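*Asks:* Before anything else, here's the structure in question.
Quick note: the coordinates plus some simple rules give every number you see, no bench work behind them. Note that this is a predicted model, so its numbers are computed, not measured. With ideal geometry, Cβ positions are generated from the backbone for all residues, glycine too; neighbour counts draw on all protein chains shown.
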Amino acid sequence: MNEELRSVLLGTAGLSVGAVVALFLTVTRGRIGAGPAALRASVRLAAFAVLLRSAHFAEELATGFHQRFPGLLGLAPWSSRFFISFNLFWLAAWGLGLWGLATRHRSALFPLWFLAIAGIANGLAHPLFSVRIGDYFPGLFTSPFVGVVGLLLLFVVTGPRNASLGAA
């Protein structure tokens, strides 16, 4: 197997697991039962989460996350092209999720679940990476904010019936 492909597949495996969990939650719990006010608030929170993720991506790109993260796993660095494409794909998916949420499309819950899960994972992982290396690790400054907003988004998506997006 090509070393770069191996690095990409193994290096993004955690996010792949998060995407599978998001898909499972969408299928098993997915419905948009929020009233108009709750729905507007949810769209605003999700939009803020996407903005934070954009800032987080910018910090990671500017500080070389795509070079340093794979190295922590003993993998080859990722190309800038892959890293930028990967992140732009998810930013676009989350943007479409905002539109889908505003128009009450059930499929919009998948990217929102994933946004929440990935945000929480980033909020935990980056500080742990910094502790592991004993120094700043790319993405550290924005990761706590991404994590907290991911947690808030998770509560919105899983909140009480008729006051949430994805209640069972």
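*Asks:* Using only alpha carbon positions, build the gyration tensor of the range 20-75, then give the equivalent ellipsoid semi-axes as the square roots of 5 times its eigenvalues, largest first, whole angstrom. Show your work: numbers first, answer last.
*Replies:* On the way: eigenvalues 215, 69, 4 Å².
Sorted largest first and rounded, they come to 33, 19, 4 Å.
*Asks:* Please list the equivalent ellipsoid semi-axes of the chain, computed as the square roots of five times the alpha-carbon gyration tensor eigenvalues, in descending order and whole angstrom. Let's see the in-between values first.
*Replies:* Details: eigenvalues 178, 52, 36 Å².
Working through the eigenvalues yields semi-axes of 30, 16, 14 Å.
*Asks:* If you don't mind, another one. I need the calculated FRET efficiency for the pair His105 and Ala37, taking r as the beta carbon distance and R₀ as 25 Å, to the nearest 0.05.
*Replies:* On the way: r = 19 Å, r/R0 = 0.77.
Working from the Cβ atoms, E equals 0.85.
*Asks:* Ok, one more. Points 7 angstrom from Cα along the Cβ direction at Leu152 and Leu51: gap in nanometres?
*Replies:* 1.1
*Asks:* What is the extension gain from Leu15 to Ser130, computed as 0.36 nm multiplied by their sequence separation minus the C-alpha to C-alpha distance, in nm to one decimal?
*Replies:* On the way: separation 115, 0.36 × 115 = 41.40 nm, distance 1.93 nm.
Between Leu15 and Ser130, full extension yields 39.5 nm more.
*Asks:* Label Ser80 and Thr63 with points 7 Å out from Cα along Cα→Cβ: what is the distance between them in nm?
*Replies:* 1.9
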